[in-house]
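Contents: one structure, followed by commentary.
The values are calculated or read from the model by the stated rules, or taken from the named source; none is laboratory data. Just so we're clear, the structure is a prediction, and the values are computed from it rather than from any experiment. With ideal geometry, Cβ positions are generated from the backbone for all residues, glycine too; neighbour counts draw on all protein chains shown. Surface areas here come from the heavy atoms of the whole protein model, side chains and all, with no ligands, DNA or RNA. Shrake-Rupley method; radii C 1.70, N 1.55, O 1.52, S 1.80 Å.
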Amino acid sequence: MAAGASRVFVSHLSGVPVFDPNGDQVGRVRDLVAMLRVGGRPPRLLGFVVEVVSRRRIFLPMTRVTGIDSGQVITTGVVNMRRFEQRPTERLILGEFLDRRVRLVETDEEVTILDVAIQQLPARRDWEIVKYFVRKGRGGALRRKGETLTVDWSAVRGFSLEEHGQGAESLVATFERLRPTDVANALHHLSPKRRAEVAAALDDDRLADVLEELPEDDQVEIIGKLKEERAADVLEAMDPDDAADLLSELPEEDKERLLMLMRPDDAADVRRLMSYEERTAGGLMTTEPIVLRPDATVADALARVRRSDLSPALAAQVYVCRPPDETPTGKYLGAVHFQRLLRDPPFTLVSSIVDSDLVPLTPDTPLSVVTSYLAAYNLVSVPVVDESGSLLGAVTVDDVLDHLLPEDWRETDFHGEEWVAHGG
């Protein structure tokens with residue numbers, strides 16, 4: 001079944017093959033990883049445990065899953081081959097949910113979990129547990145009889161977290177409600193010990209988002225307390241420009257060791273960014289803007305813009321380039337703003353509507369010129385090209401603001417929430 005089209009029972013996913021976009025088999029599903037949440041919210045599916053050819057079990061995040069269809073799982077093709085390690089906030093659905101005895105909320109009757117249904121939220125990539133298939137009675141190897149029924153996730157007790165308590169599990173679940181900036185603000189006010197506990201419990205993508213919002217000294221402290229392989233995973237999940245900024249603050253030997261542990265493509269992007277001066281377009285840019293070939297259509301562009309993991313600034317426009325379409329690209333042809341994409345028919349070629357009037361920046365353009373450029377043309381991002389005309393990346397307005405605001409601006413409590421300063 002197509003991802004998000006209907007609910008999926010997890011027993012049907014056990015052992016199914018996982019394929020990359022080219023049709024090559026990556027491995028097979030051995031389990032699913034979920035996170036319990038507070039506030040009467042259903043457990044969220046984080047990803048799959050996949051056994052690859054070498055019999056190593058790796059973690060495949062849901063952000064890397066593009067389809068669950070006809071007994072197979074399709075990935076984006078970007079897979080981290082490091083061994084899966086379960087974190088304190090994570091639960092294995094096949095290993096820990098199935099055959100677990102819980103109680104019905106309404107009658108307090110004991111039931112056994114036989115299967116779990118997951119479903120994708122509308123217009124989002126997030127998946128949640130929505131139903132449990134249960135059998136009444138205690139069950140067991142010699143007692144397989146009993147009424148079976150399918151109930152809502154909220155109809156059973158035993159899969160939720162309390163709002164209070166100092167366990168990292170409950171605190172991380174509480175943080176899930178907040179934006180990365182607010183989580184970073186809360187972490188900043190925790191004790192170093194508590195900060196390390198929470199960082200260890202966050203998943204890689206979430207920790208990467210939070211690190212990008214923290215002051216540099218907090219970033220260095222947290223990354224230094226992670227196991228080196230985990231630290232490399234988190235750096236890979238960060239935007240390349242933020243990862244480069246963080247690595248630049250580390251001692252040379254630590255920096256090189258982490259770069260060697262990162263995937264070669266990710267490490268190459270970060271090394272390239274670190275070669276530019278900090279307060280220049282090259283030092284400010286991200287190497288992952290939306291790049292399309294000239295024969296792409298408006299429909300293709302809008303599909304790329306819809307990605308939930310893109311920042312609003314990066315999603316504001318697409319850049320049209322000749323192949324290759326990863327930075328550094330082929331010849332840069334121009335940009336198309338999101339508003340223009342909305343005004344043209346879906347079948348329109350992006351090459352026919354590019355704005356080629358604005359002169360792109362070079363990587364050595366100083367910060368003051370980048371700032372004036374964005375302000376003069378009312379832009380939220382601007383392309384950066386090299387002397388051969390290849391697109392190197394894009395500077396977004398949020399990265400420019402980071403360098404214009406006072407150094408302690410991240411410590412501002414925007415909501416005045418007193419609890420953020422009392423978690424330690």
* **Estimated dipole of the chain in Debye, rounded to 20 [Cβ of Lys and Arg +1, of Asp and Glu -1, Cα centre]** => 2720
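Over the chain, what percent of the accessible surface lies on carbon and sulfur atoms, probe 1.4 Å?
In the chain, the share of accessible area belonging to carbon and sulfur is 50 percent.
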* Asked: What FRET efficiency do you get for V359 and S390 if R0 is 25 Å and r is their Cβ-Cβ distance, rounded to the nearest 0.05?
  -> 0.95
* Return, ordered by residue number, the residues of the stretch 201-238 whose backbone nitrogen is under 20 Å from a label point located 7 Å along Cα→Cβ of T181. => 206-219, 238
* **Fully extended contour minus Cα-Cα distance, from S372 to L121, at 0.36 nm per residue** => 86.3 nm
* Average accessible surface area per residue within the chain, 1.4 Å rolling probe, Å² -> 49
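Arranged from highest to lowest average of other beta-carbon atoms within 10 Å per residue, in what order do the peptides 18-31, 378-391 appear?
378-391, 18-31
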* **Euclidean distance between Cα centres, the stretch 374-388 to the stretch 221-298, Å** => 21
* Asked: Mind checking which lysines have their C-alpha under 24 Å from K227, skipping anything on the same chain fewer than 8 residues away?
  -> K193, K255
* Per-residue ellipticity at 222 nm for the chain, helices alone: DSSP H runs ≥ 4 residues times -39500 (n - 2.57), over residue total, nearest 500 deg cm²/dmol? -> -8000 deg cm²/dmol
